[in-house]
Amino acid sequence: MTIKKDPFEFLKQGTIQVTPEEDFKKKLAKNKPLKIKLGADPTAPDLHLGHAVVLNKMRQFQDLGHTVIFLIGDFTARIGDPSGRSKTRPPMTEEEIKTNAHTYFEQVGKILDPTKTIIRYNSEWLGALNLVDMIKLAGQVTLARIIEREDFQLRLQENVAIGFHELFYPIFQGYDSVALEADVELGGTDQTFNLLMGRHLQEQYGQEPQVIMTLPLLEGLDGVKKMSKSLGNYIGLWEPANQAFGKLMSISDTLMWRYYLLLLDKTEQEIEHMREEVWHEQLHPMNAKKQMAHGIITRYWGHAEADEAQKNFESLFQKQDYSQAQEVQIIGKLESPVWIVTLLKELGAITTSSEAKRLIESKAVHIDGQTITDFKAEVTCAEGMIIKVGKHRIYKIS
């Protein structure tokens, strides 16, 4: 890969902050491969497009010859990252964690070069800590520093409980950097506290502190909160291309430009030019959104998948041709009548009952043209039944 720009300027492009910049320049000046760390807790089976923002940056490091380490937080997932959380995350079982982590390597392979990607699990070292090790580790950080976190401060002010185990999360994530001897750690802006903890602990353990690189957070389908597995407003990298295309077409026209910027690397100038074309009615917003969805599916799923997904979308939603709806065979697997939530889970339209409740309350679930408004409703399945979930997901019972 030939880089015309200075490596520092090239890698800094698209980031929110590089801290400290001078340290980063010094590390690059050594002209040897740096260890680049990115961690993700397996709190759901899918990585999503929000992860793609930082994974794209990881790929740039990889193409420049640096060593990239994708860290699966199978140990820290038992605690749950408190970043941005207004309450304690429900604990996950070991089986759930294993199941969710299983597909991560294949998913990151959509963006990273799998032959050059090191996969590690933080249970390797965190699970081996004994009580003496834990006391020594906890002794490197003060309580005052931990509760500086904005999310902890808010919960204290609102008299919302903080689990004692949550205080260990940033310490454990920081210790991951010690165990890996990371030179650079990447993360979203919501991870700044955790990333800085890595710098602090590396210094305490006599290591050269890592540089932290934060990238912008991608808003989820609602256009308000960050894309999140736990909030259900995400597009998984392992979802069928047709379903991902439909979800992309459901976002607002305003959010569309943000996706162009963060997922397709369009420049501000290119986006402004497209905005002007829309403003002067030279480009229809629907066509601009189709271009965005096609571009994203091409980049993360493949060109053939993007063509097929767009064709499927146009047949379903513009021509109302339901013969192209995703066929799901469920007859014989479920007793009929079946609770609407169970049916939606079987279709793969939702993963949680709370997500179903939200969709039903917002009148976003339709069966054969009729809106479902009762969360407790039971449905009699029939051959050819058409089920619409949200704006752009349609299923046909076969």
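Only the coordinates and a few stated rules stand behind these numbers; no lab work does. Keep in mind the model is a prediction, meaning the values are calculated, not measured. Using ideal geometry, Cβ is built from the backbone for each residue, glycine included, and neighbour counts are taken over all protein chains shown.
Some observations on this one:
- Vicinal HN-Hα couplings computed from phi for the range 238-245 (Karplus, 6.51 cos²θ - 1.76 cosθ + 1.60; Hz; Gly/Pro x): 9, 6, x, 4, 4, 5, 5, 4
- Positive-end ranking of L11, V341, V160 along the dipole of the chain, with charges on Cβ about the Cα centre, is headed by L11.
- Note on S353, S123, S362: ascending count of other Cβ atoms within 10 Å places them as S362, S353, S123, the fewest first.
- Label separation (I135 vs K26): 3.5 nm, computed from points 7 Å beyond Cα along the C-beta direction.
- In the chain, the longest principal axis of the Cα atoms and the axis of helix 268-279 are about 20 degrees apart.
- Dipole magnitude for the chain: about 260 debye, using +1 per Lys or Arg Cβ and -1 per Asp or Glu Cβ, origin at the Cα centre.
- Dipole orientation for the range 238-298: of the candidates H280, Y259, A241, A241 has the Cα lying most toward the positive pole (charges on Cβ; Lys, Arg +1; Asp, Glu -1).
- Residue-span extension gain [Y205 to E94] - 0.36 nm each, minus C-alpha spacing: 37.0 nm
- Listed peptides 237-243, 100-106, 15-21 by packing density, highest first (mean Cβ within 10 Å): 237-243, 100-106, 15-21
- Annotation for S315 and K376: the two label points, set 7 Å from Cα along the Cα-Cβ direction, are 4.0 nm apart.
- Ordered by the number of other Cβ atoms lying within 10 Å of each residue's own Cβ, fewest first, E158, E150 fall into the sequence E158, E150.
- Fully extended contour minus Cα-Cα distance, from T103 to D222, at 0.36 nm per residue: 40.3 nm
- Helix-only [θ]222 nm of the chain, DSSP H runs n ≥ 4, -39500 (n - 2.57) each, per residue, nearest 500: -12500 deg cm²/dmol
- Rounded to whole numbers, the Karplus 3J(HN,Hα) couplings from phi for the range 358-366 are 4, 5, 5, 5, 8, 6, 9, 10, 10 Hz, using 6.51 cos²θ - 1.76 cosθ + 1.60 with θ = phi - 60°, and x at Gly and Pro.
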